[in-house]
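Everything on this sheet refers to the single structure shown next.
The values are calculated or read from the model by the stated rules, or taken from the named source; none is laboratory data. The structure displayed is predicted, hence computed values, not measured ones. So basically every Cβ, Gly included, is an ideal-geometry build from the backbone, and we count neighbours across all protein chains shown.
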Amino acid sequence: MAWTNYQILLSLVMVITGSINTLSTKWADTIKSKGQDGQTKNFNHPFFQASTMFLGEMLCLLTFKILYRYYSRRADGTEDVHELTKGNRTFNPFILFIPAMCDMTATSIMYIGLNLTYASSFQMFRGSVIVFVGLLSTGFLHRVLNKRQWSGIVFVIIGLAVVGVADFISKDPDDSHGNNDIITGDMLIVIAQIIQSIQMVVEEKFVAGQDIPPLQAVGWEGLFGFVVLALLQIPFYFIHAGPPVTSQAGDRLEDAIDAFVQIGHSGKLSVAILGTVISIAFFNFAGISVTKELSATTRMVLDSVRTIVIWVFSLAFMGQVFHWLQLLGFVLLLAGMCLYNGITFVSTFLKMKEAIRRRYNKVDEEVIENRNAEDPEM
């Protein structure tokens with residue numbers, strides 16, 4: 001079945017805003033600003049950055065309330081048919097608590113991993129989510145994977161292995177992280193994908209079945225995640241840790257006060273954080289909408305597509321070092337995702353051919369109708 005214009009728009013919004021979100025987060029990590037101790041240092045606050053992400057998601061709940069009140073005042077039933085407000089509005093919000101906790105945990109772990117490995121590898125290793133979504137969908141959504149889908153999973157695993165090898169071969173001499181840090185970062189990202197795959201499957205099972213308005217679902221997840229993570233940062237302030245979790249031995253696990261001080265001393269850092277908040281609001285709304293309108297697998301594929309955008313941007317503007325093994329690994333990842341979802345060259349060619357044929361048939365019919373209208377009546 002062909003996608004509707006609304007589904008295409010959701011897909012584009014998800015890819016574009018998702019790319020902006022990752023690039024803004026990485027940009028913030030590279031910005032140096034004066035901290036609470038008076039020293040100029042990199043912005044290394046993964047849990048605080050995760051909090052800003054949930055703040056962006058909370059804005060979706062506010063937007064939903066405003067739109068619903070606006071459409072309700074029309075008294076013409078618009079709130080029940082509009083794409084942004086239609087659906088079940090009497091659900092129990094706590095069914096979204098588990099997805100929110102998965103999102104909170106996965107994001108925090110990924111942001112720690114991002115500080116330990118390369119930006120391109122960070123995005124590529126996120127492609128491992130297809131493996132875990134496929135396995136969990138089999139167990140909890142009662143899906144049966146065919147040989148083609150299993151082949152796709154194998155390709156993804158091989159691609160991830162190639163990307164991991166590329167991390168060692170193409171190590172930047174100016175990078176302060178050693179091989180152990182890179183391994184730790186890569187593993188943290190993979191672990192985060194296991195948690196995120198649980199989130200996707202739970203959302204598909206409960207969100208799609210409950211017909212929850214996407215803005216409301218994202219907003220409640222943001223509220224739960226923000227409150228829980230904000231409370232966790234209180235004990236994190238008194239917990240001291242060392243590398244690779246923190247920059248130096250004895251640093252606090254998370255120092256939100258220091259994060260605010262650094263933001264106050266840097267306009268660029270403020271822009272980066274603001275970009276994270278705004279982009280994540282649109283990205284998560286589009287993501288959960290894709291899960292509702294299409295499937296968790298489609299959301300996963302679109303989430304991986306933005307790897308191309310981020311990788312190209314990193315190579316062009318962020319000093320990312322190119323290595324052909326990364327390209328090979330990405331091609332294998334892409335091939336695996338296409339196999340898993342039944343996207344092949346032949347099927348794509350046939351669909352394009354059919355679309356062109358229908359287009360020409362439509363034009364021919366319009367020409368015939370116009371000529372008949374010009375014929376004199378008998």
* To do: Return yes when residue 247 is more than 15 Å from residue 20 (Cα to Cα), of a type in the set (Gly, Ala, Ser) and under 23 Å from the mean Cα position of the chain (by Cα) and no when it is not.
  => no
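Among the listed residues 138, 117, 105, identify the single one that is within 20 Å of residue 26 (Cβ to Cβ) and hydroxyl-bearing (Ser, Thr, Tyr). Spell out the reasoning first.
Numbers: 138 fails: within 20 Å of residue 26 (Cβ to Cβ); 105 fails: within 20 Å of residue 26 (Cβ to Cβ).
Unique residue meeting the criteria: 117.
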* Asked: On the given criteria, is residue 58 in a helix (DSSP H, G or I), among the hydrophobic types (A, V, I, L, M, F, W, C) and either in contact with a Phe, Trp or Tyr (Cβ under 7 Å, 6 or more places away or on another chain) or outside the structural domain of residue 293 (by TED's automatic domain parsing) (or both)?
  -> yes
* Top-ranked residue of the stretch 208-257 - restricted to ones that are charged (D, E, K, R) and over 21 Å from residue 281 (Cα atoms), ranked as modelled with the lowest pLDDT -> 251
* Go through the stretch 153-183 and count every residue that is out of contact with any helix residue (DSSP H, G or I) (no Cβ under 6 Å at 6 or more places or on another chain) and at pLDDT 85 or above. => 3
* **Residue identified as at pLDDT below 70, exposed (fewer than 13 other Cβ atoms within 10 Å of the Cβ) and not acidic (Asp, Glu) among 345, 317** => 345
* How many of the residues in the stretch 125-151 are in a helix (DSSP H, G or I), farther than 20 Å from residue 326 by Cβ and at pLDDT 85 or above? -> 12
* Structure fact -> Filtering the stretch 108-135 down to residues that are crowded, with 21+ Cβ neighbours inside 10 Å and under 11 Å from residue 198 (Cβ atoms) yields 129, 133
* To do: Scan 78, 90, 105 and give me the residue that is out of contact with any Pro (no Cβ under 6 Å at 6 or more places or on another chain) and touching a residue at least 24 places away in the same chain (Cβ under 8 Å).
  => 105
* To do: Select from the stretch 48-107 the residues that are surrounded by fewer than 16 Cβ atoms within 10 Å (Cβ to Cβ) and either among the acidic types (Asp, Glu) or in contact with a His (Cβ under 7 Å, 6 or more places away or on another chain) (or both) and list them in ascending order.
  => 76, 80, 83
* To do: With the condition kept exactly as written, say whether any residue in the stretch 21-31 is farther than 26 Å from residue 120 by Cα, in contact (Cβ under 8 Å) with a residue 40 or more places away in the chain and assigned by TED's automatic domain parsing to the domain that holds residue 315.
  => no
